[in-house]
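Remarks on the structure that follows.
The values are calculated or read from the model by the stated rules, or taken from the named source; none is laboratory data. Treat the numbers as computed from the prediction; the structure is a model and nothing was measured. Cβ placement follows ideal geometry from the backbone for every residue including glycine, while neighbour counts extend to all protein chains displayed. Each accessible area value is taken on the protein alone, full model and side chains, heavy atoms only, with ligands, DNA and RNA left out. Shrake-Rupley method; radii C 1.70, N 1.55, O 1.52, S 1.80 Å.
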Amino acid sequence: MTVESEAVLRPLPLGDEVSEAFWDAAKAGRLDIQRCRACRRWNHAPSLACPTCGSEDLGYETVSGKGSLFTWCVLKEAPAPGFRDMLPLIVAIVELAEQPHLLLSTNIVGAREEELRLGMPLEVTFERVTEDCALPQFRPAREAA
Ligand SMILES: [Zn+2]
């Protein structure tokens, strides 16, 4: 029997029919979001039919990875043992740059609680949790060159 790493003590996402492409892209270091081929609206969380026009012709496209902080909360106690070394854990909703109210729940990394501001610019970064799983997370956007 092998010693389990801390990482596996965190619950891992389980892809399903509609979200599998999202997790596969994350594993490859891309943020891919579901998009309706009929009306071109972005859609997250992914669904079987477009919430705007009802079309079932949905695909995935890579987004910029830019967004802004929509809201957040800070966890001071670990929700599972694997989160202990991540405290305080910033759980956030990020509004992606591609479309108003295109919201994604995630964690903020690389920022202290006191630095957080509504609407602050963020960018995606990927945390490789296991060999088969990477989580899209967000950090403060670096200054544009
Ligand atoms: Zn649509």
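A helix-only calculation puts the chain at -1500 deg cm²/dmol for mean residue ellipticity at 222 nm, using -39500 (n - 2.57) for each DSSP H run of at least four residues, averaged over all residues. Model label sites at residue 45 and residue 61, defined 7 Å from Cα along the beta-carbon direction, differ in position by 2.4 nm.
Report the residue, chosen from 105, 55, 68, that carries the largest GNM mean-square fluctuation when the chain is represented by alpha-carbon nodes joined by springs under 10 Å. Of 105, 55, 68, the most mobile in the Gaussian network model is 55. Spatially, segment 43-101 and segment 116-145 are offset by 11 Å when compared through their Cα centroids.
Quick check: net charge around residue 24, other residues with Cβ under 15 Å of its Cβ, Lys/Arg +1 and Asp/Glu -1?
On the way: positive: 27, 30, 128; negative: 16, 17, 20, 32, 61, 131, 132.
Net charge in that neighbourhood comes out at -4.
FRET efficiency for the pair residue 75 and residue 130, taken as 1/(1 + (r/R0)^6) with r the Cβ-Cβ distance and R0 = 22 Å, rounds to 0.55. Share of carbon and sulfur in the accessible area of the chain stands at 52%, probe radius 1.4 Å. Across 80, 92, 49, mean-square fluctuation computed from a Gaussian network of the chain (C-alpha pairs under 10 Å connected) peaks at 80. Once C-alpha pairs closer than 8 Å and six or more residues apart are averaged by separation and normalised to the residue number of segment 32-78, the relative contact order reads 35 percent.
Pull out a ≥ b ≥ c, the square roots of the eigenvalues of the alpha-carbon gyration tensor of segment 25-142, then state rounded if a/c is under 1.5, prolate if not and a/b is larger than b/c, and oblate in the remaining case. It comes out prolate by the Cα gyration axes. Protein heavy-atom accessible surface, 1.4 Å probe, per residue over the chain: 59 Å².
The local environment of residue 143, defined by Cβ-Cβ distances under 14 Å, has a net charge of +2 under the rule Lys, Arg +1 and Asp, Glu -1.
Under the convention that each Lys and Arg Cβ holds +1 and each Asp and Glu Cβ holds -1, the size of the dipole of segment 24-145 around its Cα centre is about 200 debye. Take every Cα pair under 8 Å whose residues are at least 6 apart in sequence, average their separation, divide by the length of the chain, and the relative contact order is 22 percent. What fraction of the DSSP beta bridges in segment 29-141 is antiparallel, stated in percent and rounded to the nearest 5? That works out to approximately 95 percent antiparallel.
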